[in-house]
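Report on one structure; see the data block that follows.
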Amino acid sequence: MSGAPQRPLRADAARNRARLLDIATQEFTTRGVGVSTEEIARAAGVGVGTLFRHFPTKEALLQAVMVRRLETLAARTSRLAAESGPADAFFDCFRLVVDQSAGKNEFTRALAAAGMDAHSALREPSAVIRDRLAELLAGAQRAGAVRPDLGLPELIALLTGTTAATEQLGADPAARERVFEVVLDGLRPR
């Protein structure tokens, strides 16, 4: 059956799948990956059987949520680049990536514990985001808004570190903003 084309979902099935992904994203992000599939199905207004028809395991649901989050992030970075100047697009994207990365490590650990390779499933959307980051970085550097000696590997490391730092701070918005100010100030040319 692998390689066989999949039939498109009926409209109601597509709505159910989208609703399940919306609810699962919200629940996993706010309450953690320990939320049960039964709770997600109930919150989505469908039976657990409907959830399992779309996502045969909780891990498959987690993976679909992660892929969707990355695809949404890629689309939002494209909009930022189109709607703002190079400097604003770059710095807004930096904040966006950090904010959207919250909880990603918990998802990845849960998938790894279930024996799933999250990185292979996320390779394509991650590559799109990496390409967009490279474009935004180059544009901001050409505009003189970001130091010229910063490369993509360092940018990704800074994004990862800033995400970890803001997660460590929890829900203290003033402390999160101070972390952003320090990091973003360090990205600007001297």
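Each of LEU133, ILE23, VAL182 was scored by the projection of its Cα onto the charge dipole of the chain, and the greatest displacement toward the positive side belongs to ILE23; charges sit on the C-beta of Lys, Arg, Asp and Glu.
Spread over its residues, the convex hull of the C-alpha atoms of the stretch 137-179 is 75 Å³ per residue. Expressed as a fraction of 2.2 N^0.38 Å, the C-alpha radius of gyration for the stretch 27-138 is 1.21. I'd like the carbon and sulfur percentage of the solvent accessible area for the chain, probe radius 1.4 Å, heavy atoms only, ligands and nucleic acids excluded. C and S fraction of accessible area: 52 percent. Between LEU169 and HIS119, the modelled label-to-label distance comes to 2.9 nm, taking each label 7 Å out from Cα in the direction of the beta carbon.
Note on the chain: with charges restricted to the Cβ of Lys and Arg (+1) and Asp and Glu (-1), its dipole about the Cα centre is near 500 debye. For the chain, a Gaussian network of Cα nodes joined below 10 Å ranks PRO86, PRO125, PRO56 by mean-square fluctuation, and the top entry is PRO56. For P(r) over Cα pairs in 10 Å bins from 0, in percent, the value calculated from this model appears in (1) 9, 33, 25, 18, 11, 4, 1, 0; (2) 8, 30, 32, 19, 9, 1; (3) 9, 38, 38, 12, 2, 0 under label (2).
For the stretch 132-178 versus the stretch 13-41, the inter-centroid distance based on Cα atoms is 29 Å. What accessible area per residue comes out for the chain, rounded to a whole number of Å², with a 1.4 Å probe? Here the per-residue accessible area is 57 Å².
The values are calculated or read from the model by the stated rules, or taken from the named source; none is laboratory data. Keep in mind it's a predicted model, so treat the numbers as computed, not measured. Note: ideal-geometry Cβ built from the backbone for every residue, glycine included; neighbour counts use all protein chains shown. What goes into the accessible areas is simple: the full protein's heavy atoms, side chains included, and nothing from ligands, DNA or RNA. Shrake-Rupley method; radii C 1.70, N 1.55, O 1.52, S 1.80 Å.
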